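Chemist: Got a structure for you, written out below as structure tokens; questions coming shortly.
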Amino acid sequence: MMHITVLTLFPEMFSPIRESILKRAQDAGLLEIRLVNFRDYATSKHKNVDDVPYGGGAGMLLKPEPIFSAIRDLPQPSEKRKVILMSPQGQVFRQEKAKEWSEQGELVFICGHYEGFDERIRELADEEASLGDYVLTGGELAAMVMIDAVVRLIPGVLGEFASAEEDSHSTGLLEYPQYTRPADFEGQQVPTVLLSGHHAKIKQWRRKESLRRTFLRRPDLIDAVSFTADDYSLLQELVLEHPEIEPWQAKWEHLRPQLKRRRSHRIDPG
Ligand code: 4H4
């Protein structure tokens, strides 16, 4: 079971975790999510959790004590606890990080607020993660998005009919176009190869369309893609269809099928 704890000032924001796939995962005993309001650990008369920055400056910072107390009050850390600080200064969250965290036993998310954290809070964290290069009013939405991306990768959560293997970004490429019934919708046809039942051709069509879509929409992902020998012919077709792909040709040239060397028929004089 994956244990997720979220330290937040706004536990009521987390209603999405009580719905849909996240709810099913909890009901199935695959996941436990615990929300901790660190205001409960504030000791001042007015339960202060933030204060003005030393040295002046706008905004308020989260004080260290309530968050330290809340973390220290968590049950004994499992050997695989990872504490993650939500902050725009963190590493931008990507699918491979979701995969890595989905294999942890326990995740603890600390959601910031206001202008951020007292710097000493950072020593509590194993990692600092950002949803993206923008500033939110709080880390709660960031934590919810990351939890969603992580939990769907836990074995058994998506169920036997769905899989994350073919997701966009799981293969390093964007996903191929997908269709369902009807085969003809207002004159728009589903590609016939998908109706052919020819699995090898379908697989090849999907790979080519993933490559096409990634080159055209997210060329920034191409450098990390490892092309296979089977990709060579698809890539040669794509570069004819989309000349703008040509600058990457050097990346797959080495995959050109080698002409089979003719076997020599000379009789060995020995
Ligand atoms: C936290 C602002 C930390 C500044 C915050 C800092 C994000 C994000 C976010 C509310 C709070 C903001 N959290 N991904 N993007 N001074 N949180 O914007 O450490 O940079 O996760 S600070």
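Chemist: Among LEU136, LEU174, LEU158, LEU153, which is the only one that is assigned to a loop (DSSP other than H, G, I, E, B), near the ligand (Cβ under 9 Å from one of its atoms) and either out of contact with any strand residue (DSSP E or B) (no Cβ under 7 Å at 6 or more places or on another chain) or hydroxyl-bearing (Ser, Thr, Tyr) (or both)? Before the answer, list the steps.
Modeler: Working: LEU174 fails: near the ligand (Cβ under 9 Å from one of its atoms); LEU158 fails: near the ligand (Cβ under 9 Å from one of its atoms); LEU153 fails: near the ligand (Cβ under 9 Å from one of its atoms).
Criteria check complete, one pass: LEU136.
Chemist: Given ALA125, ALA98, ALA142, ALA129, which one is buried (at least 17 other Cβ atoms within 10 Å of the Cβ), away from the ligand (no atom under 13 Å from the Cβ) and among the small types (Gly, Ala, Ser)?
Modeler: Values: ALA125 fails: away from the ligand (no atom under 13 Å from the Cβ); ALA142 fails: away from the ligand (no atom under 13 Å from the Cβ); ALA129 fails: away from the ligand (no atom under 13 Å from the Cβ).
Residue meeting the stated conditions: ALA98.
Chemist: How many residues, within the range 110-122, are among the basic types (Lys, Arg) and more than 9 Å from the ligand (Cβ to nearest atom)? Show your work before the answer.
Modeler: So in the range 110-122, the residues among the basic types (Lys, Arg) come out as 120, 122.
So of that shortlist, the ones also more than 9 Å from the ligand (Cβ to nearest atom) come out as 120.
So the count comes out to 1.
Chemist: Write out, first by first residue and then by second, each pair whose Cβ atoms fall under 8 Å of each other, whose residues are 6+ apart or on separate chains, and whose first residue, in the range 205-220, is in contact (Cβ under 8 Å) with a residue 40 or more places away in the chain and among the β-branched types (Val, Ile, Thr) while the second is buried (at least 19 other Cβ atoms within 10 Å of the Cβ) and not in a helix (DSSP H, G or I).
Modeler: Partner pairs satisfying both residue conditions: THR214/LEU173; THR214/LEU174.
Chemist: Just for strands (runs of 3 or more DSSP E) wholly inside the range 1-113: which have at least 3 residues that are within 18 Å of the chain's Cα centre (by Cα)?
Modeler: Working: elements: 2-8, 31-37, 81-92, 106-110.
So the answer is 81-92, 106-110.
Chemist: Output the number of residues of the range 208-224 satisfying the condition of being part of a helix (DSSP H, G or I) and surrounded by fewer than 18 Cβ atoms within 10 Å (Cβ to Cβ). Break it down stepwise before answering.
Modeler: Let us first name the residues in the range 208-224 that are part of a helix (DSSP H, G or I), namely 208-217, 219-224.
Add one more test, that the residue is surrounded by fewer than 18 Cβ atoms within 10 Å (Cβ to Cβ), and what stays is 213, 216-217, 219-224.
So the answer is 9.
Chemist: Which one of these does ALA250 not meet: (1) over 17 Å from SER170 (Cβ atoms); (2) among the aliphatic types (A, V, I, L, M); (3) surrounded by 10 or more Cβ atoms within 10 Å (Cβ to Cβ)?
Modeler: It fails just one condition, (3).
Chemist: Can you name the residue in the range 161-207 that is buried (at least 16 other Cβ atoms within 10 Å of the Cβ) and of a type in the set (Lys, Arg) and is also nearest to PHE227 (Cα to Cα) among such residues?
Modeler: Per the stated criteria, the residue is ARG207.
Chemist: Pairs needed: first member in the range 82-103, closer than 17 Å to GLU123 by Cβ and of a type outside the set (A, V, I, L, M, F, W, C); second member anywhere, more than 9 Å from the ligand (Cβ to nearest atom) and not in a strand (DSSP E or B); C-beta distance under 6 Å; at least 6 residues apart or different chains.
Modeler: LYS82/GLN104; LYS82/ASP126
Quick note: the coordinates plus some simple rules give every number you see, no bench work behind them. As the structure is a computational prediction, the values presented were derived from the model and not from experiment. Glycine also receives a Cβ, built like all others from the backbone with ideal geometry; neighbour counts cover every protein chain displayed.
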